[in-house]
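Reading through the structure tokens given below for one structure.
The values are calculated or read from the model by the stated rules, or taken from the named source; none is laboratory data. In this text, all values refer to a predicted model and were calculated from it rather than measured experimentally. Using ideal geometry, Cβ is built from the backbone for each residue, glycine included, and neighbour counts are taken over all protein chains shown. For the accessible areas, the whole protein counts, side chains as well, though only heavy atoms, and no ligand, DNA or RNA atoms are used. Shrake-Rupley method; radii C 1.70, N 1.55, O 1.52, S 1.80 Å.
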Amino acid sequence: MKNILILAFSLFLANSVFAEKKLVDSKIKGITVYPVGAMVSREGVVKIPAGNNFIVLDNLTHAIDPNTIQVGGTGSFDILSVKFELFYPYAKAKPKGIKVIEDSLKIYRDQRFILEAEDRSLNDERNMIIANQKISGVNATITVAQLDAMAKYYRKRLGNISNEKLRNQNERITIMAHEKRLNATLAGMNQYKNEQVGRIVVETNSKLATTARFQFSYFTHLAGWFPTYNIKALSDNANINVDYHAYVTQSTGIDWKSVDLILSTSRPTYNNQKPEISPWYLDYQTAMKSRTATLAYGSSDLEMMADAPVANSNTYYENGKYTKLSADKTAGFVSGQALLNALNTSYKINSKYSVMSNNSKKQVFIKSIKIPAEFNHYTVPSMEKESFLTASITEWGQYDLIPGNATLFYNNTYIGKSYVFSNTAEDTLQISFGRDKGLVLTQEKVRDQCMTKKMGSNIKKNFVYEITAKNNKKEEITIVIYDRVPVSKRNDIVVTIGELAGAELDKETGILKWTKTIPAGEKVILRFDYEVKYPKEKSKKPRFY
């Protein structure tokens, strides 16, 4: 029995030496930030003895996806296993600054204690003076002169006591405000007591004592970035200058201090399994009690007309036809949300940045690019009296622009905000620079040439409009002007198009388009007319809509 106990104790000691545990602090070597999430690469160095050891890569974020952990290293050792664990660091040292705040709070508390004692003494003195007044008036014969002297003394001393109490109260209010602020700060800093800390435990085996250098990485979802642009244009330049920035945020619980960043547009958390297509069957909806044709998209109590074919998730059936869901009703686009194109692009940031773990936005410079652009002015003078300046970029895909907010500058003047809609299949990307007040436009009805005639059972109305575009700028400009003529939806309403001043006419929509080049200081006048014939019964008077 004694030999068994000795053997068990020996095995216990052997295992204790055999599986030594070492805590290792590591440093961030680089971070790849995705629109949602980040891959963090770290490195740590530790001396390990021969045999089996547990290396604890300590002080990591609690928000690690265990499936993404990769651990490698250099040295004479083998990695046997890797696991991720969470723990509460109760013995963790106080963060720097807590001791300073606690000392300041003690000083303020001592000062408040002294002031409160002083206030009590002032109250006692005041009560004593008031009580003495009553005793003096009852038990003594007082002359007028003595009474006057006592009254002056009491008045002066009571006044002094009131002033001292007021000063005392103001000092206590100030001290309590400082205490409240420091207590709030201390409460936030003391959260370290409840924080979960992540760590990676690596089991190793080595025949000899060695110095191990561990390189490891992991993915965390508590980070991300989105793009923003500063777009600058000059009226005498055929290029636009784009400063491409990113806002990076993270709340991992670990500050990223002076780290190398790579920003990627890919989405590593997406399902990378290729899609499998299945048959798409069409059948009639089973008749329901409700006969309403109203379709409440997205609701659980979807109501459709009886015998209506079933539509897929991107269309709905109403009034006898399929209708495609508009962009704002589909899950693929949310206003203000940065949607990335299908191309995966990575940007290596040249400078080191610090990103604090408070979810605040850190602006990171990506690059500056000069893009050839064609500038045009667009206007609809019947709706706006000013033109809108746009820059058209061809073959824009080569610049790796992704959708994002933009701040616009024209001739070194801030003109407003816009949005880069680069998630488009169009060959040309258009960026609006807002209104240009250097071009004045009007559209007026030429009333002396507009006539109404009655011809038998019909009425004919003639409409004449004149558009004036005045270029008040110092340089020649090209402008695209839009207007419209009505399009009839009925056989008994006939629209006859007259002179269009060279406009392009879309017969389906009635949209007119002029492209004009206007020299500096000059103007162009465009006149167009049309005639509308309709039955003269009042009930059939045509309505524009």
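Computed values, structure above
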{"quantity": "Condition check for residue 474: in contact (Cβ under 8 Å) with a residue 40 or more places away in the chain and either surrounded by fewer than 16 Cβ atoms within 10 Å (Cβ to Cβ) or of a type in the set (Gly, Ala, Ser) (or both)", "calculated": "yes"}
{"quantity": "Verdict on residue 229 being of a type outside the set (Val, Ile, Thr) and either open to solvent by less than 10 Å² (accessible area, probe 1.4 Å) or free of Cβ contacts under 8 Å to residues at least 60 places away in the same chain (or both)", "calculated": "yes"}
{"quantity": "Single unsatisfied condition, residue 101 versus (1) modelled with pLDDT of 90 or more; (2) within 28 Å of residue 252 (Cα to Cα); (3) not in a strand (DSSP E or B)", "calculated": "(1)"}
{"quantity": "Answer residue from region 164-214, given it is at pLDDT 90 or above, surrounded by 15 or more Cβ atoms within 10 Å (Cβ to Cβ) and of a type in the set (Val, Ile, Thr) and is farthest from residue 26 (Cα to Cα) among those", "calculated": "175"}
{"quantity": "Residue list for region 360-369, filter: surrounded by 13 or more Cβ atoms within 10 Å (Cβ to Cβ) and closer than 16 Å to residue 34 by Cα", "calculated": "361, 362, 364, 365, 366"}
{"quantity": "Residue 124 being in contact with a strand residue (DSSP E or B) (Cβ under 8 Å, 6 or more places away or on another chain) and open to solvent by 40 Å² or more (accessible area, probe 1.4 Å)", "calculated": "no"}
{"quantity": "Residue 464 being more than 25 Å from residue 376 (Cβ to Cβ), buried (at least 17 other Cβ atoms within 10 Å of the Cβ) and modelled with pLDDT of 90 or more", "calculated": "yes"}
{"quantity": "Number of positions in region 394-427 that are at pLDDT 85 or above and of a type in the set (A, V, I, L, M)", "calculated": "2"}
{"quantity": "Count of residues meeting criterion [open to solvent by less than 30 Å² (accessible area, probe 1.4 Å), more than 26 Å from the chain's Cα centre (by Cα) and of a type in the set (Ser, Thr, Tyr)] in region 385-404", "calculated": "2"}
